[in-house]
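Presented below is the structure to which this report refers.
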Amino acid sequence: MEAKHKGRCAALFLYWCMIGVLIMNTYGSTSALAAEEIESVAADTVTLEETSDDNLSDSRDNVCVEEDEALKPDTWEVTEVSDNADLSEEIVIDDEVLAKQNSEMIIDYYSEDDALLLAQVITREGRSLSYEEKRAIADTVLARVNSEMWPNDLRSVIAQPGQYGGSLKKLPKNPSQEALDVAFEALEYWNLSKNGFTPEEDWTLPDEFMSFFGDGKHNYFYYYDEDGAVVFCDCVPNAPLPENIDKLYRRYVLGPTANDA
């Protein structure tokens, strides 16, 4: 009886051991499966995040590319510059355009009355003289207007005692057409100079020559230097200085009291 009882106990013990082993195996398999499932889910999450970031980056890149493409012109023009190209080439401005721009900025310092008055002086002092000599007469008048030694307006210069006939009333009423042409030409040149321009011209009398005298054939223009010596202008076209210019000066400028010897 006792042996039989021990056999049953052993069998029962073995049975429960087997049950325990089965339970342990089942729990281990479940845990391993759960761990694998957890790792798989985590891996999928990481992959999803990476995929989302990549898609977002691609989307942003596509937007930037589309914007860049929208800003690009349809065609690109490429200008090739030679190594020997002259980059300092002057810009040429059309003369008519430049003249129009200058005319809009020029201030008029004379009137038609001034031109008529100057033409009257030219007619009185050089009616029979050449065009250049008439121009030289006009230049002496305007040089005096520019000088601090004389009044600064044309009428006052011409009206000075002992100059150009000594009185405005003695000037001829009807100047010649050539005298009018000379007067307007000289005044226009003078006006441009007053505005800061330097117009090109074939010839004009230098400003220092403000006086002249004539012998009935030509007028002779002169000024006094710092030492008081008289300086004659040998620059008027078609009016060369005669050999006896000093004698003529003493006669017509210094007067009959001067020594003609």
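The values are calculated or read from the model by the stated rules, or taken from the named source; none is laboratory data. All of these numbers come straight from a predicted model, not from anything done at the bench. Ideal geometry is used to build each Cβ from the backbone, glycine not excepted, and the neighbour counts take in all protein chains shown.
Has the stretch 254-261 got any residue that is in contact with a Leu (Cβ under 8 Å, 6 or more places away or on another chain), modelled with pLDDT under 95 and in a helix (DSSP H, G or I)? Show your work before the answer.
We begin by selecting, within the stretch 254-261, every residue in contact with a Leu (Cβ under 8 Å, 6 or more places away or on another chain); these are none.
No, the stretch 254-261 contains no residue that is in contact with a Leu (Cβ under 8 Å, 6 or more places away or on another chain), modelled with pLDDT under 95 and in a helix (DSSP H, G or I).
Yes or no, residue by residue, for (1) of a type in the set (A, V, I, L, M); (2) free of Cβ contacts under 8 Å to residues at least 12 places away in the same chain:
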{"site": "A115", "(1), (2)": "yes, no"}
{"site": "I122", "(1), (2)": "yes, no"}
{"site": "N146", "(1), (2)": "no, no"}
{"site": "S156", "(1), (2)": "no, yes"}
{"site": "L168", "(1), (2)": "yes, no"}
{"site": "W190", "(1), (2)": "no, no"}
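So for the stretch 224-235 (the condition being part of a loop (DSSP other than H, G, I, E, B), in contact with a Cys (Cβ under 9 Å, 6 or more places away or on another chain), more than 21 Å from L142 (Cβ to Cβ) and not charged (D, E, K, R)), does at least one residue qualify? No, the stretch 224-235 contains no residue that is part of a loop (DSSP other than H, G, I, E, B), in contact with a Cys (Cβ under 9 Å, 6 or more places away or on another chain), more than 21 Å from L142 (Cβ to Cβ) and not charged (D, E, K, R).
State whether one or more residues within the stretch 224-232 are over 43 Å from the mean Cα position of the chain (by Cα) and of a type in the set (S, T, Y). Scanning the stretch 224-232, I find no residue that is over 43 Å from the mean Cα position of the chain (by Cα) and of a type in the set (S, T, Y), so the answer is no. In the stretch 214-234, the qualifying residues are those that are buried (at least 16 other Cβ atoms within 10 Å of the Cβ) and of a type in the set (A, V, I, L, M, F, W, C), and the one that is nearest to N146 (Cα to Cα) is F221.
Yes/no matrix, rows are residues, columns are (1) over 38 Å from the mean Cα position of the chain (by Cα); (2) within 23 Å of D215 (Cβ to Cβ); (3) not aliphatic (A, V, I, L, M):
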position	(1), (2), (3)
R135	no, yes, yes
V157	yes, no, no
S167	yes, no, yes
N174	yes, no, yes
